[in-house]
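A.B. asks: Next up is a structure, given as structure tokens.
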Amino acid sequence: MFDSSVPNQRRKPTDWSDKQFETRAIRSGQDPDPTTGSVVIPINMASTYRHDAVGEFKGYEYGRTGNPTRTALEDLLASLEQSRWALCYASGTAAAQNIFWLLDPGDEVLLSDDIYSGTYRFLVGTLARYGIVTTLVDFGDLNATRAAIGPNTRLVWVETPTNPNIRIIDIAAIAEIAKQTNALLVVDNTFATPYLQQPLALGADLVMYSTTKYLGGHSDVVGGAITGNDLALGAFFQDQQNAAGAVPSPFDCWLTVRGLKTLAVRMDRHCENAQRVAEFLEGHPAVDQVFYPGLSRHPGHEIAKRQMRDYSGMVSFTVKDGFEKAKTIVERTKLFLLAESLGGVESLIEHPGQMTHISVEGTGVGVSQDLIRMSVGIENVADLIADLDRALA
């Protein structure tokens, strides 16, 4: 985040805001290196920087506070999100925690009842000890949301599509409700990415990401990010980012920048493949329900069509014969690797009830034991369907 009011700040990057997403992904924050002319940003590994005099420096003073490679990534994310600032962290969880530092004892967080388990665990397992109240809400029910929000509600925390049931939340409608009590709307946009969905334009106050997933895109880096338009909030988060120190390494930032260059073309293929896979599953006799917003019978299809460019690469489904059948399927696939995480170029499959969400079993965000979640990669879709067809037999 750049403060033009402070002297000796680093130079501003070229403004590509009038260009389309794909162009910004390749050019924003990535000016050729002024020393060498390199068209790829360098990995600056310095932990400290020389001062010209006491209190005078060229925009950087200490590696935790700022780093040129991290600046490039933050400038790029702000451009893609069309936000006034972006800040990057060592993980998605670290980014979420930075947002939770806005809370005081007695504050309430409204949380989706279908949510990433790590977000729920941190709120009810850690922040509850400090007087933070967490209330689970079905954000698909706008009347229930209006009834739940109150004078102590500080944050309304939304995922859409949700993890792992792939529900769709109407961001603009929830934003309108949140504004009635001055609560901040936070959207975890990890499944959608800024290419498919722009929550700030729909009324969200903050957008967060696990950059580990689609933004990095190659299952080789862990990171997180927050973006927004409120400069006071940005300054608060920047101060907390520096104070707590959960910042990404320069190499992690460089890998994420490299991944973001191809985000648009990757997401196009992820979505195309996921649509085909979902349609195949919908007609398979072993499958009970398919959860993918690109299917016309998905209850959130019309909302997704309105607020998303396409429907993402995440598909979940339930099987008719329960847990044992689900377990057999995820252990029989070959191209779909049995692994947690998502958003890489390779296809992954998992059993949320016994893997990513086992820690919340029996809680309000527990998941069905017959549920399978897939991150559909960019391999040949005919090969992926053949792999699933064999595993489902």
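A.B. asks: Using the crude model of +1 on Lys and Arg Cβ and -1 on Asp and Glu Cβ, and no other charge, please compute the dipole size for region 115-185 relative to its Cα centre, in debye to 20.
C.D. replies: On the way: 6 positive and 5 negative charges, 58 e Å.
Roughly 280 debye for region 115-185.
A.B. asks: Right, something else. With θ set to phi - 60°, apply the Karplus curve 6.51 cos²θ - 1.76 cosθ + 1.60 along region 315-324 and write out the HN-Hα couplings as whole Hz, x wherever there is a Gly or Pro.
C.D. replies: The phi angles translate into 10, 10, 7, 10, 10, 6, 9, x, 4, 4 Hz.
A.B. asks: Between region 282-357 and region 114-184, what's the alpha-carbon centroid distance in Å?
C.D. replies: So the two Cα centres are separated by 23 Å.
A.B. asks: Let me ask something additional. Answer with one residue from Tyr62, Leu185, His301: the one whose Cα lies farthest towards the positive end of the charge dipole of the chain, charges on Cβ with Lys, Arg +1 and Asp, Glu -1.
C.D. replies: Farthest towards the positive end: Tyr62.
A.B. asks: For every other residue with a beta carbon closer than 11 angstrom to the beta carbon of Glu22, add +1 if it is Lys or Arg and -1 if Asp or Glu, then tell me the sum. Don't jump to the answer; show the numbers that get you there.
C.D. replies: On the way: positive: Lys19, Arg24, Arg27, Lys261; negative: Asp268.
Net of charged neighbours comes to +3.
A.B. asks: Residues with amide H under 5 Å of Thr134's amide H, sequence separation 5 or more or different chain, H placed in the peptide plane at 1.01 Å from N; which?
C.D. replies: Those qualifying (amide H under 5 Å, at least 5 residues apart or on another chain) are Val109.
A.B. asks: Right, here's the next one. Quick check for me: using +1 on Lys/Arg Cβ and -1 on Asp/Glu Cβ, what's the dipole size of the chain about its Cα centre, in debye to the nearest 20?
C.D. replies: Values: 34 positive and 47 negative charges, 107 e Å.
In total the dipole reaches around 520 debye.
A.B. asks: Specify whether the C-alpha gyration tensor of region 262-338 places it in the rounded, prolate or oblate class, a ≥ b ≥ c being the square roots of the eigenvalues: rounded for a/c under 1.5, otherwise prolate if a/b is larger than b/c and oblate if not. It would help to have the intermediate numbers written out before the result.
C.D. replies: Working: a/c = 2.73, a/b = 1.44, b/c = 1.90.
The shape class here is oblate.
A.B. asks: Could you name the lysines in cross-link range of Lys19, using Cα to Cα under 20 Å and dropping any fewer than eight places away on the same chain?
C.D. replies: Counting by Cα, and skipping residues close in sequence, Lys19 has these lysines nearby: Lys261.
A.B. asks: Which whole-number percent is the relative contact order of the chain (Cα, under 8 Å, 6+ apart)? Write down the numbers at each step before the final one.
C.D. replies: Working: 798 pairs, mean separation 62.2, N = 393.
Rounded, it is 16 percent for the chain.
A.B. asks: Something else now. How would you order 12-24, 183-195 from highest to lowest mean count of nearby Cβ atoms within 10 Å? Don't skip to the answer; put the middle values down first.
C.D. replies: Numbers: 12-24: 13.2, 183-195: 25.8.
Those peptides, ordered most packed to least, come out 183-195, 12-24.
A.B. asks: Of Ile115, Pro105, Val137, which is farthest along the charge dipole of region 68-173 in the positive direction, counting Lys and Arg as +1 and Asp and Glu as -1 at C-beta?
C.D. replies: Pro105
A.B. asks: Also, I was wondering about something else. For region 22-96 and region 243-269, what is the separation of their C-alpha centers, rounded to whole Å?
C.D. replies: Here the answer is 12 Å between Cα centres.
A.B. asks: Quick one: net charge around Pro151, please, counting Lys, Arg +1 and Asp, Glu -1 for every other residue with C-beta under 13 Å from its C-beta.
C.D. replies: Details: positive: Arg154; negative: Asp107, Glu108.
With Lys, Arg at +1 and Asp, Glu at -1, the net is -1.
A.B. asks: Show me 250-258, 160-168 ranked by packing, highest mean number of other Cβ atoms within 10 Å first.
C.D. replies: Descending packing order for the listed peptides: 160-168, 250-258.
A.B. asks: Using just the helices of the chain, give the 222 nm mean residue ellipticity in deg cm²/dmol: DSSP H runs with n ≥ 4 each add -39,500 (n - 2.57), and the total is spread over all residues, rounded to 500. Spell out each step's value before the answer.
C.D. replies: On the way: 13 runs with 135 residues, N = 393.
Result for the chain: -10000 deg cm²/dmol, rounded to the nearest 500.
A.B. asks: Towards the positive end of the charge dipole of region 264-392, with charges on Cβ (+1 Lys, Arg; -1 Asp, Glu), say which of Ala274, Ser359, Ser341 has the farthest Cα.
C.D. replies: The residue sitting most towards the positive pole is Ala274.
A.B. asks: Excluding Leu142 itself, what net charge comes from residues whose Cβ is under 11 Å from its Cβ, given Lys and Arg +1 and Asp and Glu -1?
C.D. replies: On the way: positive: Arg146; negative: Asp138, Asp141, Asp170, Glu176.
Overall, the nearby charge balance is -3.
Only the coordinates and a few stated rules stand behind these numbers; no lab work does. This is a predicted model, so every value here is computed, not measured. Backbone-built Cβ (ideal geometry, glycine too); neighbour counts: all protein chains shown.
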